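The values are calculated or read from the model by the stated rules, or taken from the named source; none is laboratory data. All values reported here derive from a predicted model rather than from experimental measurement. With ideal geometry, Cβ positions are generated from the backbone for all residues, glycine too; neighbour counts draw on all protein chains shown.
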Amino acid sequence: MSEQRKLKFKEIVNKNEIVKVKTLAEHQMETGVRRNEVTGVIYPRLIIYKVTARYNGKIIFKANWFSGVSANPYLAFYFKAIESGLIEVEWEDDYSKSTFKRGYLKVLDEEGNEILPIKHSL
Amino acid sequence: MKTVLNRRSFFGLLLVACSKLYLTQTLANGKPFRDRFQAYRQTFRIEPDKEEAERIVKNIVNNRKLVPDLVKLEVPDIAEDGNVVPVTFSVRCSMKKNDFPRRVHVLGMENPFPEIAIYEFFQGAGKAEVSFRCRLRKSSVLMVIADMSDGRVGLEKKYVDVMLGACS
């Protein structure tokens with residue numbers, strides 16, 4: 001059972017730009033109503049029921065899924081870039097097994113300088 | 001023999017009454033109450049129930065007035081494979097202060113489990129647009145309900161013709 005997770009977004013953006021995040025998880029998403037043709041035994045439900053996206057530790061988007069989501073679920077959402085930082089997406093299984101993928105987003109202001117998440121004076 | 005309601009019998013009666021109430025509420029006519037306990041792992045066969053789907057919608061809307069043109073839904077009219085139906089929806093709002101969708105429900109009205117997904121948005125998140133892929137058992141109505149944080153509700157539905165249904 002392969003467990004590939006993909007996360008894709010534009011990595012260098014300007015300030016206040018709306019960024020599209022595309023994610024893909026490899027999962028069979030067993031619905032819990034399918035039967036084995038020979039024995040008649042129902043396969044137990046096993047899906048990804050929760051997806052959480054965080055931007056510098058703050059939750060920006062959440063998805064609660066039920067058995068109606070397709071296998072190998074694709075998900076695309078948007079957020080607004082304010083400062084550079086970490087984008088984390090976490091997938092949680094029915095067995096509470098969580099997997100995550102993270103990426104770094106670089107945000108530039110008008111002069112082309114990076115806006116860092118830490119505010120400090122030199 | 002005296003029939004006195006002592007402490008033990010009182011608690012016994014209370015337990016019986018509570019369990020009776022609980023069972024009649026949750027296991028109405030021998031079926032699980034799907035719109036509340038759907039999140040639990042289900043390992044038994046369930047047939048789709050249209051009335052139950054309508055009851056779920058009623059519970060979400062909760063006697064509020066529907067705002068027209070709040071949700072925009074993009075689904076193909078004819079889906080070749082019911083296992084992979086691409087869905088894109090967007091909510092018309094500014095995402096500032098109180099003008100963002102708290103929750104967006106996606107429902108397939110003739111699925112064994114009508115609720116497909118619930119998406120939660122947060123303030124200042126840029127844009128309330130999501131695209132994903134869902135399963136549809138047969139040709140049915142796909143419904144998107146946006147529950148805004150200031151109490152408004154928007155509903156959008158579209159009939160999708162499914163060629164090959166998902167065996168869910």
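One table, with the values for the structure above:
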quantity	calculated
Unmet requirement for residue B:98, which otherwise passes all of (1) buried (at least 19 other Cβ atoms within 10 Å of the Cβ); (2) among the polar types (S, T, N, Q); (3) more than 12 Å from the chain's Cα centre (by Cα)	(1)
Residue match in segment A:96-105 (condition: within 22 Å of residue B:117 (Cα to Cα), at the interface with another protein chain (Cβ under 7 Å from one of its Cβ atoms) and surrounded by 17 or more Cβ atoms within 10 Å (Cβ to Cβ))	no
Condition met for residue B:136 (touching a helix residue (DSSP H, G or I) at 6+ places or on another chain (Cβ under 9 Å), more than 18 Å from residue A:63 (Cβ to Cβ) and surrounded by 15 or more Cβ atoms within 10 Å (Cβ to Cβ))	no
All positions within segment A:70-80 that are surrounded by 18 or more Cβ atoms within 10 Å (Cβ to Cβ) and either more than 8 Å from every other protein chain (Cβ to nearest Cβ) or not in a loop (DSSP other than H, G, I, E, B) (or both)	A:75, A:77, A:78, A:79
Some residue of segment B:92-99 being in a strand (DSSP E or B), at the interface with chain A (Cβ under 9 Å from one of its Cβ atoms) and modelled with pLDDT under 95	no
Some residue of segment A:82-95 being surrounded by 15 or more Cβ atoms within 10 Å (Cβ to Cβ), in a strand (DSSP E or B), at pLDDT 90 or above and more than 16 Å from the chain's Cα centre (by Cα)	no
Failed item, numbered, when residue A:21 is tested on (1) surrounded by 18 or more Cβ atoms within 10 Å (Cβ to Cβ); (2) facing chain B (nearest Cβ under 10 Å)	(2)
Residue in segment B:132-144 that is of a type in the set (A, V, I, L, M, F, W, C), part of a loop (DSSP other than H, G, I, E, B) and more than 13 Å from residue B:87 (Cβ to Cβ) present	no
Checking residue B:113 against (1) in contact (Cβ under 8 Å) with a residue 40 or more places away in the chain; (2) assigned to a strand (DSSP E or B); (3) surrounded by 20 or more Cβ atoms within 10 Å (Cβ to Cβ), the condition it does not meet	(2)
Residue in segment B:63-71 that is without any contact (Cβ under 8 Å) to a residue 40 or more places away in the chain, under 19 Å from the mean Cα position of the chain (by Cα) and away from chain A (no Cβ under 12 Å) present	yes
Criterion: modelled with pLDDT of 90 or more, within 19 Å of the chain's Cα centre (by Cα) and not polar (S, T, N, Q) - qualifying residue of B:162, B:84, B:153	B:153
Selected residue (criterion: farthest from residue A:8 (Cα to Cα)) from residues of segment A:25-69 that are in a loop (DSSP other than H, G, I, E, B), of a type outside the set (A, V, I, L, M, F, W, C) and in contact (Cβ under 8 Å) with a residue 40 or more places away in the chain	A:45
Those residues of segment B:104-119 which are within 9 Å of chain A (Cβ to nearest Cβ) and touching a strand residue (DSSP E or B) at 6+ places or on another chain (Cβ under 7 Å), in sequence order	B:106, B:107, B:108, B:114, B:115, B:116, B:117, B:118, B:119
